[in-house]
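Below: the structure, in structure tokens.
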Amino acid sequence: MKNIKSYAAIAALAFALTACGNNADTTTDTDTANTESAEAVEKVGEATAAGYNGDIKVKVTMEGETIKDIEVDHTESEGIGADAVPTLVEDIKKNNGTEGVDNVSGATVTSEALKTAVDDAIKAAK
């Protein structure tokens, strides 16, 4: 009878120790993977602002907190506002936002409208 009790106690102890196994590595890996995939998700925001020669519409693609792409649809004047748009887009991408981006000389209205639309689109993407 004593042997059966001993075996039962050993079996119960073994079961309890097995059930209390450490799964910390698995949980950490899963949590890290979920965090990384959430940050890698692209979000898109769109906005419009009044330019000098009509509306400036932008579509900003964000990857986490980083500007991945900016698409602009506009009717700004050739040789002035239209020439400023690509320069402004590149400066905004380099700065990852409009802060610190200077207006293009001679195209102040276009510059301000584009920066306003980009800021609004970034907010919409978040």
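A few points about this structure:
- Residue match in the range 91-112 (condition: under 18 Å from residue 55 (Cα atoms) and under 23 Å from the mean Cα position of the chain (by Cα)): no
- Per the listing 117, 124, 82, the residue uniquely crowded, with 19+ Cβ neighbours inside 10 Å and either more than 22 Å from residue 43 (Cα to Cα) or within 20 Å of the chain's Cα centre (by Cα) (or both) is 117.
- The residue that is surrounded by the fewest Cβ atoms within 10 Å (Cβ to Cβ), among those in the range 37-63 that are among the small types (Gly, Ala, Ser) and within 18 Å of residue 98 (Cβ to Cβ), is 50.
- Applying a threshold of 9 Å to beta carbon distances and a minimum spacing of six or more residues, or different chains, the list of pairs starting in the range 114-126 at a residue that is free of Cβ contacts under 8 Å to residues at least 40 places away in the same chain and ending at one that is assigned to a helix (DSSP H, G or I) reads 115/88; 115/92.
- Residue 72 vs. criteria of a type in the set (A, V, I, L, M) and either touching a residue at least 60 places away in the same chain (Cβ under 8 Å) or surrounded by 21 or more Cβ atoms within 10 Å (Cβ to Cβ) (or both): no
- Residues located in the range 97-111, provided they are surrounded by 13 or more Cβ atoms within 10 Å (Cβ to Cβ) and more than 14 Å from residue 80 (Cα to Cα): 97, 98, 101
- When the range 73-109 is filtered for residues that are of a type in the set (S, T, N, Q) and either part of a helix (DSSP H, G or I) or not assigned by TED's automatic domain parsing to the domain that holds residue 49 (or both), the ones remaining, listed by number, are 87, 95, 108.
The values are calculated or read from the model by the stated rules, or taken from the named source; none is laboratory data. A quick note: this is a predicted structure, and the numbers were derived from the prediction, not measured. Here the Cβ is made from the backbone with ideal geometry for all residues, glycine too, and neighbour counts use every protein chain on show.
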